[in-house]
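Okay, so here's the structure we're looking at.
The values are calculated or read from the model by the stated rules, or taken from the named source; none is laboratory data. From a predicted model like this one, the values you see are computed outputs, not experimental measurements. Glycine gets a Cβ as well: all are built from the backbone with ideal geometry, and neighbour counts include every protein chain shown. For accessibility, only protein heavy atoms count, side chains too; no ligands or nucleic acids. Shrake-Rupley method; radii C 1.70, N 1.55, O 1.52, S 1.80 Å.
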Amino acid sequence: MATTGRRLSCKRKFVADGVFYSELNELLTRELAEDGYAGVEVRTTPHRTEIIIRATRTQNVLGENGRRIRELTSVVQKRFGFAEGAVELYAERVQNRGLCAQAQAESLKFKLLGGLAVRRACYGVVRFVMEASAKGCEVIVTGKLRGQRAKAMKFGDGYMIKTGHAGQVYTDFAVRHVLMRQGVIGIRVAIMLPHDPKGQMGPKIPLDDVVTIMEPKEEVDPATLLAAQQQAAAAASMAAPMGMPVEMTGMEQPAAPVPVEDPNVAAGF
């Protein structure tokens, strides 16, 4: 966010950054809805502020010869009071749109606006997400789906964690509102991401309840080990020639008994 002349406290700075992100996300959601908008990331450097727009169709975001991205840069600069050249907008393509909840929510929104049946549209989204190697998917649609009575319909498949730290890390969700003729329909898409050690398709952190069983080490048969020891002992005994002094065979001689002096004799009795 553009810095003002006075110095903000730490608490006010966090609040100001949150308001800036929320308003920027709302602006881009409305402006780039048809271009597969999938989120925004704000990076602040000492010299300028970089805004990375994630979308499925980056060419439409850039526009012809970069015209649209320059228009968005100008709008953001004037709205939030940035200096000339202090803010830059970039477009980044979503690697796998099947694992992006915002992209799927926008897709479902335009399917419903196009007049497609709710069940068919939702099952199509669930199937597309599961084919993109997701662990689970859940789609909830609420509102006047058929008739004047409002209700909620839930479509799901696979494995879904909703609580705990794993639910925060592995679950990606998005909410959209569809302005239909009969009223407003709410859409909520939740996707359970797969585990990826590289961190590209999903989180690096493994789930807590995943147990990895390692391959056991090769165990030596006791009978085989005993036979090998006996063979080694027999070979060592045969290697020692007959008649060779015991000192040369490496075996220790038994120590000679030390005479014990009688204390009575030593005392003169």
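Listed by first and then second residue, the pairs linking a residue in the range 201-213 that is open to solvent by less than 80 Å² (accessible area, probe 1.4 Å) and in a loop (DSSP other than H, G, I, E, B) to a residue that is at pLDDT 85 or above and among the hydroxyl-bearing types (Ser, Thr, Tyr), with Cβ atoms under 8 Å apart and 6 or more places separating them unless they lie on different chains, are MET201/SER133; GLY202/TYR170; PRO203/TYR170; LEU207/TYR170. Against the test of being touching a residue at least 24 places away in the same chain (Cβ under 8 Å), out of contact with any strand residue (DSSP E or B) (no Cβ under 7 Å at 6 or more places or on another chain) and closer than 26 Å to LEU113 by Cβ, the options VAL75, VAL94, VAL61 yield a single qualifying residue, VAL75.
Exactly one residue out of GLY36, GLY18, GLY66 is over 29 Å from the mean Cα position of the chain (by Cα) and open to solvent by less than 70 Å² (accessible area, probe 1.4 Å): that is GLY66. Residues in the range 137-193 that are among the small types (Gly, Ala, Ser), under 21 Å from TYR123 (Cβ atoms) and within 29 Å of the chain's Cα centre (by Cα): GLY156, GLY158, ALA174, GLY186, ALA190. Within the option set ASP157, ASP172, being assigned to a strand (DSSP E or B), in contact with a Leu (Cβ under 7 Å, 6 or more places away or on another chain), closer than 21 Å to LEU99 by Cβ and of a type in the set (D, E, K, R) holds for one residue only, ASP172.
Determine whether ALA152 is small (Gly, Ala, Ser), open to solvent by 60 Å² or more (accessible area, probe 1.4 Å), in contact with a strand residue (DSSP E or B) (Cβ under 7 Å, 6 or more places away or on another chain) and touching a residue at least 12 places away in the same chain (Cβ under 8 Å). Yes: the conditions hold for ALA152. Among the residues of the range 110-126, those that are open to solvent by 20 Å² or more (accessible area, probe 1.4 Å) and in contact (Cβ under 8 Å) with a residue 24 or more places away in the chain comprise PHE110, LEU113, VAL118, ARG119, TYR123. Applying the criterion of being hydrophobic (A, V, I, L, M, F, W, C) and touching a residue at least 60 places away in the same chain (Cβ under 8 Å) to the residues of the range 5-52, the residue that is nearest to VAL76 (Cα to Cα) is PHE20.
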